[in-house]
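Okay, so here's the structure we're looking at.
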Amino acid sequence: EPSEIDVDVLVKDNKHILIEIKASVDKSDIAELYRKGLLYEKVVGVKPRLVIVSPFVRSRAYKLASKLEVEIIEGVPQK
């Protein structure tokens, strides 16, 4: 069944980056972003860089992110 897909896209210098910002990340979030990346590549014809940003990432998400080439940016900026 068709459904809406929501993702933030940054295109700069011919580089396509899909970005998700989450309060916390588990491996299901990594898998979801990966599937969005596959769809983006199929529709647009460009393989995007996948980035997820969160202050809290569960340890089990790191293993899947590494396998699926999803970059994780974690932490809270220090003043």
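The values are calculated or read from the model by the stated rules, or taken from the named source; none is laboratory data. The structure displayed is predicted, hence computed values, not measured ones. Every residue, glycine as well, gets a Cβ built from its backbone with ideal geometry; the counts of neighbours run over all protein chains shown. These area figures cover heavy atoms from the full protein model, side chains too; ligands, DNA and RNA do not enter into them. Shrake-Rupley method; radii C 1.70, N 1.55, O 1.52, S 1.80 Å.
Filtered by the rule that a residue be in a loop (DSSP other than H, G, I, E, B) and under 22 Å from Ile5 (Cβ atoms), the range 56-79 gives a lone residue, Glu69.
When each of Val57, Val11, Val7 is tested for being of a type in the set (A, V, I, L, M, F, W, C) and within 10 Å of the chain's Cα centre (by Cα), the lone residue that passes is Val7. Filtered by the rule that a residue be open to solvent by 70 Å² or more (accessible area, probe 1.4 Å), in a loop (DSSP other than H, G, I, E, B) and not small (Gly, Ala, Ser), the range 1-29 gives Glu1, Pro2, Glu4, Ile5, Asp6, Asp13, Asn14. Please verify whether the range 44-55 includes one or more residues that are without any contact (Cβ under 8 Å) to a residue 60 or more places away in the chain, outside any strand (DSSP E or B) and within 18 Å of Glu74 (Cα to Cα). Checked against the condition, which is being without any contact (Cβ under 8 Å) to a residue 60 or more places away in the chain, outside any strand (DSSP E or B) and within 18 Å of Glu74 (Cα to Cα), the range 44-55 yields at least one hit. Within the range 40-79, the residues that satisfy the criterion of being at positive phi and either open to solvent by less than 50 Å² (accessible area, probe 1.4 Å) or among the small types (Gly, Ala, Ser) (or both) are Gly45, Gly75.
Residue pairs whose Cβ atoms lie under 8 Å apart, sitting 6 or more positions apart in sequence or on different chains, and linking a residue in the range 15-43 that is in contact (Cβ under 8 Å) with a residue 24 or more places away in the chain and acidic (Asp, Glu) to a partner that is outside any helix (DSSP H, G or I) and open to solvent by 70 Å² or more (accessible area, probe 1.4 Å), are Glu20/Asp8; Asp26/Arg58.
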